[in-house]
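Colleague: Dropping the structure in here first, questions after.
The values are calculated or read from the model by the stated rules, or taken from the named source; none is laboratory data. What you see is a predicted model, and the numbers here were worked out from it, not measured in a lab. In this analysis, Cβ positions are derived from the backbone assuming ideal geometry, glycine residues included, and neighbour counts consider all displayed protein chains.
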Amino acid sequence: MTVAADALPQSRAKVGAGIVTLLAVAVFVSYVDRGNVATAAPLMKDELRLSASEIGLLFSAFYWTYIPAQLLAGWLAGRINAYATLALGLGLWSLATAATGFAGGFAVLLALRLALGLGEGAIFPCSSKIIAQHIPERRLGAANGAIATGLALGPAFGTFCGGLFIARYGWRASFVLLGCMSLLWLVPWLNATRDVRAAERAAVQVPAPGFLAILKRREIWAASLGHFCGNYVFYFVIWWLPLYLVKARGFTLSQMAVIGGAMYLIYAANCQATGWLSDLWMQKGASANRVRKTFLVVAGFGATIAMMACAVGNATVCVGSLFAAGFFFGFATPHIYAVGQILAGPRAAGNWISVQNCLGNFSGILCPLVTGFVVDRTGSYFWAIALACAITLFGIVAWGVMIPKIAPLDWGEKPA
């Protein structure tokens, strides 16, 4: 259930930068917690005697529950509300993160990765529903830019600070500390959303378009394909960059932390800049269709060229190309969710992003498994990177051609 159109102006007045900032922090926390295993992988692999395929399976397992949890979170956000659903999800994934520090083998690690994915499935359906309900279209770039900044800073912090912490204190202490710190987010969140939760309960409610109605629209399949293709190369970077830099390129763990952290900082800075620039462009008269498609297409081409240069260049070219890839990732991320929020509209955004993120994150299952298989069979990362780049090019077609126009869809339903 979502807020009716005539209730939105009053509801919007109660959601300001504070709640958007807390949403960005939640995304930051989620990416630190989900990516910490990648940073710790070089040490975990040796201590627990894991193969590259088993490491890939751990990376992939997160998405076995994360993907269906998108639909569960969208349903719960309608039945309860997005604020409480997000709080429950964060509590679960924080506990799973802390418990990982006590894992003694592959089976326990696998179970905790499944629990982590179940909890983190709440983050994007809930945040997108809140943003679509309370943020006008002309400000979606900045709002989603803030969320994308949190997304980028999570891996930056996890790779740089987490890498240095792990190098000094070990990987187990890192998981316990991060899990406990993540729980602290619940205190300001429950306090900041008290009034807006009460306002939503008092507002006129109408049913949101269901999952079946959304799946009948061609735009959801195009957006999901574009999301899948863009995620594939990004997930290669998130999950395999530490191992790639340490094992294939010969960097130390501390050097890997600096390189990866710097790349994610570039990514974060450009996410925020791109969000503000897109809003400014629209304020000057450009359509959402032109603005969103331009940024997504440029991002796809730029990331493809940068990652291929990383695969074939020497160590210096590799590092520079990774920085360029981070820059182009920042072109895309604020617009991936903004497209869904615009197409779906305020009432359908929660369910729409549930479906889009569900389908789009199948790359999270495939990329770690395929990469581990390719690396084990070829002894090289070149073909794994080339495959990721080829998939990215399909995403350009999805965003640029398969979606006829990025504009609100008519769901044919009226408020009661």
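Colleague: Can you name the number of the only condition in (1) among the aliphatic types (A, V, I, L, M); (2) modelled with pLDDT of 90 or more; (3) crowded, with 24+ Cβ neighbours inside 10 Å; (4) over 30 Å from A248 (Cα atoms) that V29 fails?
Modeller: With respect to (1) among the aliphatic types (A, V, I, L, M); (2) modelled with pLDDT of 90 or more; (3) crowded, with 24+ Cβ neighbours inside 10 Å; (4) over 30 Å from A248 (Cα atoms), V29 is out only on (4).
Colleague: Something else about it: On the basis of being part of a helix (DSSP H, G or I) and under 28 Å from G275 (Cα atoms), does A311 make the cut?
Modeller: Values: part of a helix (DSSP H, G or I): yes; under 28 Å from G275 (Cα atoms): no.
The answer is no for A311.
Colleague: Within the stretch 61-86, can you find the residues that are in a helix (DSSP H, G or I), more than 22 Å from G158 (Cβ to Cβ) and of a type in the set (A, V, I, L, M)?
Modeller: L71, L72, A73, L76, A77, A82, A84 - these are the residues of the stretch 61-86 that are in a helix (DSSP H, G or I), more than 22 Å from G158 (Cβ to Cβ) and of a type in the set (A, V, I, L, M).
Colleague: Could you pull out the residue among T378, T392 that is polar (S, T, N, Q) and either over 15 Å from V237 (Cα atoms) or free of Cβ contacts under 8 Å to residues at least 12 places away in the same chain (or both)? Steps first, answer last, please.
Modeller: On the way: T392 fails: either over 15 Å from V237 (Cα atoms) or free of Cβ contacts under 8 Å to residues at least 12 places away in the same chain (or both).
Result: T378 is the single residue among T378, T392 that is polar (S, T, N, Q) and either over 15 Å from V237 (Cα atoms) or free of Cβ contacts under 8 Å to residues at least 12 places away in the same chain (or both).
Colleague: Just checking, how many residues over the stretch 290-310 are touching a residue at least 60 places away in the same chain (Cβ under 8 Å), more than 22 Å from the chain's Cα centre (by Cα) and surrounded by fewer than 20 Cβ atoms within 10 Å (Cβ to Cβ)?
Modeller: Looking only at that region, the number is 1.
Colleague: Looking only at the stretch 393-405, decide whether some residue is in contact with a helix residue (DSSP H, G or I) (Cβ under 7 Å, 6 or more places away or on another chain) and under 23 Å from I130 (Cα atoms).
Modeller: First pass over the stretch 393-405, keeping only residues in contact with a helix residue (DSSP H, G or I) (Cβ under 7 Å, 6 or more places away or on another chain): 393-396, 398-400, 402-403, 405.
Filter again for under 23 Å from I130 (Cα atoms), leaving none.
Scanning the stretch 393-405, I find no residue that is in contact with a helix residue (DSSP H, G or I) (Cβ under 7 Å, 6 or more places away or on another chain) and under 23 Å from I130 (Cα atoms), so the answer is no.
Colleague: Also: Hey, does the stretch 238-247 have a residue that's part of a helix (DSSP H, G or I), surrounded by fewer than 21 Cβ atoms within 10 Å (Cβ to Cβ), charged (D, E, K, R) and in contact (Cβ under 8 Å) with a residue 60 or more places away in the chain? Don't jump to the end; show me each part of the working.
Modeller: If we filter the stretch 238-247 for residues that are part of a helix (DSSP H, G or I), which is where we start, we get 238-247.
Imposing the further condition that a residue be surrounded by fewer than 21 Cβ atoms within 10 Å (Cβ to Cβ) reduces the set to 246-247.
Applying the additional criterion that residues be charged (D, E, K, R) yields 247.
Now narrow it down to the ones that are in contact (Cβ under 8 Å) with a residue 60 or more places away in the chain: 247.
There is at least one residue in the stretch 238-247 that is part of a helix (DSSP H, G or I), surrounded by fewer than 21 Cβ atoms within 10 Å (Cβ to Cβ), charged (D, E, K, R) and in contact (Cβ under 8 Å) with a residue 60 or more places away in the chain.
Colleague: Right, next: If you check F251, F295, which single one turns out to be in a helix (DSSP H, G or I) and among the aromatic types (F, W, Y)? Spell out how you get there, then give the answer.
Modeller: Working: F251 fails: in a helix (DSSP H, G or I).
One residue alone meets the criteria, F295.
Colleague: Provide a single number: the residues in the stretch 336-373 that are of a type in the set (G, A, S) and closer than 19 Å to L118 by Cβ.
Modeller: Here is the first cut: in the stretch 336-373, the residues of a type in the set (G, A, S) are 338, 340, 344-345, 348-350, 354, 360, 363-364, 372.
Filter again for closer than 19 Å to L118 by Cβ, leaving 350, 354, 360, 363-364.
Of the residues in the stretch 336-373, 5 are of a type in the set (G, A, S) and closer than 19 Å to L118 by Cβ.
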